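Participant: Pasting a structure here, questions to come.
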Amino acid sequence: MAIDITLLGTGNPIPDRDRAGAATLVRAGGKTLLFDAGRGVCMRLAGAGVVPAMLDAVLLTHLHSDHICDLNDVVTTQWVMSQVERQLPIYGPPGTAEVVEGMLTMLRPDVRYRVAHHADLTWEPRPDVTEVHSGVVFEDAGVRVVAAATDHRPVEPTVGFRIECEGKSVVIAGDTVPCAGLDELCSGADIYVQTVLRDDFVRLVPMQRFQDTIDYHSTVVQAAETAKRCDVRTLVLTHQIPTPAPDAADEWTAIAREHFDGEIVFGNDLDTVSV
Ligand SMILES: [Zn+2]
Ligand SMILES: [Zn+2]
């Protein structure tokens, strides 16, 4: 297989025992790339046989807390588990440098303790941030990652990513409604991973804050329509809102099926999809 995707966290911001926060692992051409770093990401990485020191890069779709709240754990664990001084490349939309800077401030006492304690740990964590908008953001060993602007307003800027290797392609869309940038990324893709929302359920929740989420996420129907419009082969539903019942997979999949003929995967944590 050219590209393996492992869903590290398929949860939404509401904590759940079986669904970690937003994070997806992509392994292609010997590269190990982490997309988003939500709640529990290091535990789920371990479940996929990966420790943070093995990551070649972290790529962030946007700076909502449910997508970045455990980035500090990735940075710290990569640092303390590396045998030699290494940078951790982090790509994300404008604003990422500010977030990482604040995170390093939070980690300062811990860094001080560990550097003082361990004679063989002579360096500090070295996250290396590149803020990205669109175009090629990463290219190495036959693996190419392209970014494009997505639409998660009023959260902006946000980006989605297309990963290409050996003629295959996958899209990690992040939180977005259908838009031109998303279509550009998805065009002819083998796998399209979309965070999704069931507006029929969310409309029943008598709380303004819940209602607001309908505006800026793809519904299951919209994700299926994007998949069809862009001639995608496999649609992967993740980050389901609201948290689905344990036996709800068929129901969610059936809704997408009405609009898309290709393969549909209802994502659970640590599911792997390959192409
Ligand atoms: Zn978001
Ligand atoms: Zn989210």
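The values are calculated or read from the model by the stated rules, or taken from the named source; none is laboratory data. Everything numeric here is computed off the predicted structure, so don't read it as measured data. With ideal geometry, Cβ positions are generated from the backbone for all residues, glycine too; neighbour counts draw on all protein chains shown. Heads up: the accessible areas ignore ligands, DNA and RNA and are worked out on the full protein's heavy atoms, side chains in. Shrake-Rupley method; radii C 1.70, N 1.55, O 1.52, S 1.80 Å.
Participant: Would you confirm, using the coordinates I've provided, whether VAL265 is under 27 Å from GLY40 (Cβ atoms) and surrounded by 19 or more Cβ atoms within 10 Å (Cβ to Cβ)?
Facilitator: The answer is yes for VAL265.
Participant: I'd like to check something: does region 205-227 contain any residue that is free of Cβ contacts under 8 Å to residues at least 24 places away in the same chain and open to solvent by less than 40 Å² (accessible area, probe 1.4 Å)?
Facilitator: Yes: region 205-227 contains one or more residues that are free of Cβ contacts under 8 Å to residues at least 24 places away in the same chain and open to solvent by less than 40 Å² (accessible area, probe 1.4 Å).
Participant: Something else now. Got at least one residue in region 182-190 being more than 16 Å from ligand 1 (Cβ to nearest atom), small (Gly, Ala, Ser), touching a residue at least 24 places away in the same chain (Cβ under 8 Å) and open to solvent by 10 Å² or more (accessible area, probe 1.4 Å)?
Facilitator: Within region 182-190, one or more residues are more than 16 Å from ligand 1 (Cβ to nearest atom), small (Gly, Ala, Ser), touching a residue at least 24 places away in the same chain (Cβ under 8 Å) and open to solvent by 10 Å² or more (accessible area, probe 1.4 Å).
Participant: Given GLN194, GLN208, GLN222, which one is within 16 Å of ligand 1 (Cβ to nearest atom) and either among the hydroxyl-bearing types (Ser, Thr, Tyr) or farther than 23 Å from ILE68 by Cβ (or both)?
Facilitator: GLN222
Participant: Would you call ARG27 at pLDDT 95 or above, within 16 Å of ligand 1 (Cβ to nearest atom) and either basic (Lys, Arg) or in a loop (DSSP other than H, G, I, E, B) (or both)?
Facilitator: It is false that ARG27 is at pLDDT 95 or above, within 16 Å of ligand 1 (Cβ to nearest atom) and either basic (Lys, Arg) or in a loop (DSSP other than H, G, I, E, B) (or both).
Participant: For region 46-79, enumerate the residues that are farther than 20 Å from THR272 by Cβ, away from ligand 1 (no atom under 16 Å from the Cβ) and free of Cβ contacts under 8 Å to residues at least 40 places away in the same chain.
Facilitator: Across region 46-79, the qualifying residues are ALA53, ASN72, ASP73, THR77.
Participant: Taking region 208-246, which residues are on the phi > 0 side of the Ramachandran plot and within 16 Å of ligand 2 (Cβ to nearest atom)?
Facilitator: Answer for region 208-246, where residues must be on the phi > 0 side of the Ramachandran plot and within 16 Å of ligand 2 (Cβ to nearest atom): just HIS239.
Participant: I want to confirm something. Restricting to region 191-204 and keeping residues that are more than 16 Å from ligand 2 (Cβ to nearest atom) and of a type outside the set (A, V, I, L, M, F, W, C), which single residue is surrounded by the most Cβ atoms within 10 Å (Cβ to Cβ)?
Facilitator: So the residue we want is TYR192.
Participant: Among GLY160, GLY174, which is the only one that is within 16 Å of ligand 1 (Cβ to nearest atom), under 15 Å from the mean Cα position of the chain (by Cα) and on the phi > 0 side of the Ramachandran plot? Steps first, please.
Facilitator: Working: GLY160 fails: on the phi > 0 side of the Ramachandran plot.
After applying the criteria, what remains is GLY174.
Participant: Here is a follow-up. In region 156-230, which helices (runs of 4 or more DSSP H) lie fully inside it and hold 3 or more residues that are more than 26 Å from ASP140 (Cβ to Cβ)?
Facilitator: By residue number, 199-202, 208-212, 220-229.
Participant: Can VAL145 be described as within 16 Å of ligand 1 (Cβ to nearest atom) and either over 17 Å from GLN222 (Cβ atoms) or in contact with a His (Cβ under 8 Å, 6 or more places away or on another chain) (or both)? Break it down into steps so the answer makes sense when it comes.
Facilitator: Numbers: within 16 Å of ligand 1 (Cβ to nearest atom): no; either over 17 Å from GLN222 (Cβ atoms) or in contact with a His (Cβ under 8 Å, 6 or more places away or on another chain) (or both): yes.
Taking the combined requirement at face value, the residue does not satisfy it.
Participant: If you don't mind, another one. Among the residues of region 131-142, what is the count of those that are of a type in the set (A, V, I, L, M, F, W, C) and either within 16 Å of ligand 1 (Cβ to nearest atom) or under 23 Å from ASP66 (Cβ atoms) (or both)?
Facilitator: Matching residues across region 131-142 total 2.
Participant: Further question on the same structure: Kindly indicate whether HIS239 is closer than 21 Å to THR150 by Cβ, part of a loop (DSSP other than H, G, I, E, B) and open to solvent by less than 70 Å² (accessible area, probe 1.4 Å).
Facilitator: The answer is no for HIS239.
Participant: So, ASP231, is that one away from ligand 1 (no atom under 15 Å from the Cβ), free of Cβ contacts under 8 Å to residues at least 40 places away in the same chain and open to solvent by 60 Å² or more (accessible area, probe 1.4 Å) or not?
Facilitator: When the stated conditions are applied, ASP231 does not pass them.
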